[in-house]
Amino acid sequence: VLIALLAAVASIMGVVSALALRGSLIGQLDAQLRAASDRSANAPDLGDLDLDDLDRPTSGRPDGEHEGGERPPGLSVPGQGAGTLNLFVRDGRTRAGYYDRSGTFQDLTTAQETTLGALPADGNPHEVDLEGLGDYRAISTMTESGDLVVTGLSTSSSMQTVRHFVAVELAVALVGLLFALVAGMVLVRRRGRP
């Protein structure tokens, strides 16, 4: 009975603490996302410039489609870190991409653009699963000039931290339960002796 009670308490504490950690990390990520979204929404549109002259490496779209290889305005402003993605739509023309971990600009696929474009433009963070990139938190907004701007940050680092925390918690709980079981067996044997 004691072991069962300890296991129940450990499970409840583990679940609550893991959820609290996840909530805290997502809260921090959302704060970073709001700042990145504000920078993106207020970025000047350099679409009239030939961005291919800026000597930046780009990759073609995996599905073979390409829309000029232009970086969206939201990724041309200072402060946007690795992993930041941005979609910019003006007059039906879409420019979208992201910075990979090395800081290199990569184009988004048409499927990824469609997923981001379907988010509600309410200025609130939303969970979104992007094919080939994983889970993101993204904010979609409409600027005063009627442009759609979607900014996203990957949740992979936060979720990796939560998974590591859960693994450590499980290991500690198992060791504690094993210790309690051994101690209980020793006490029972001692008290059971004539």
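Report the full-extension gain for the segment D147 to D91: residue separation times 0.36 nm, less the Cα-Cα distance, to one decimal in nm.
Numbers: separation 56, 0.36 × 56 = 20.16 nm, distance 0.77 nm.
Working it through step by step, the gained length comes to 19.4 nm.
In the context of the full set of protein chains, the chain has a per residue accessible area of 59 Å² (1.4 Å probe).
Give the carbon-plus-sulfur fraction of the accessible surface of segment 71-194 in %, rounded to a whole number; probe 1.4 Å, heavy atoms of protein chains only.
Numbers: 4020 of 6860 Å².
Heavy-atom surface of segment 71-194 belonging to carbon and sulfur, 1.4 Å probe: 59 percent.
Think of the chain as having a plus end and a minus end, set by charges on the Cβ of Lys, Arg, Asp and Glu; of L181, T143, S157, L181 sits farthest toward the positive end of this dipole. Exposed loop sites here mean GluC sites (Glu not before Pro) with a DSSP loop assignment and at most 16 other beta-carbon atoms within 10 Å; the chain contains its longest site-free run at 1-64.
The slack in the chain from A82 to L5, taken as 0.36 nm per residue of separation less the alpha-carbon distance, amounts to 23.1 nm. Between the helical axis of 2-41 and the dominant principal axis of the chain, each derived from Cα atoms, what acute angle in degrees is found, rounded to the nearest 10? The angle comes out at about 10 degrees.
Sparsely packed loop sites in segment 99-165 (the trypsin sites (Lys or Arg not before Pro) outside DSSP H, G, I, E and B with at most 14 other Cβ atoms within 10 Å) comprise R101. For segment 75-166, the relative contact order is 25 percent, taking Cα pairs closer than 8 Å that sit 6 or more residues apart in sequence and dividing their mean separation by the residue count.
For the modelled label position 7 Å from the Cα of Q160 along Cα-to-Cβ, which residues of segment 94-111 have backbone nitrogen atoms closer than 12 Å? Counting only backbone N, you get 101-102. With both labels modelled 7 Å from their Cα along Cα-to-Cβ, the D45 to A171 distance reads 5.3 nm. So what's the angle, to the nearest 10 degrees on a 0 to 90 scale, between helix 156-192 and the longest Cα principal axis of the chain? Roughly 0 degrees, rounded to the nearest 10.
The values are calculated or read from the model by the stated rules, or taken from the named source; none is laboratory data. Keep in mind that this is a model prediction, so the values were computed, not measured. In this analysis, Cβ positions are derived from the backbone assuming ideal geometry, glycine residues included, and neighbour counts consider all displayed protein chains. In case anyone asks, the SASA skips ligands and DNA or RNA and just uses the protein heavy atoms, side chains included. Shrake-Rupley method; radii C 1.70, N 1.55, O 1.52, S 1.80 Å.
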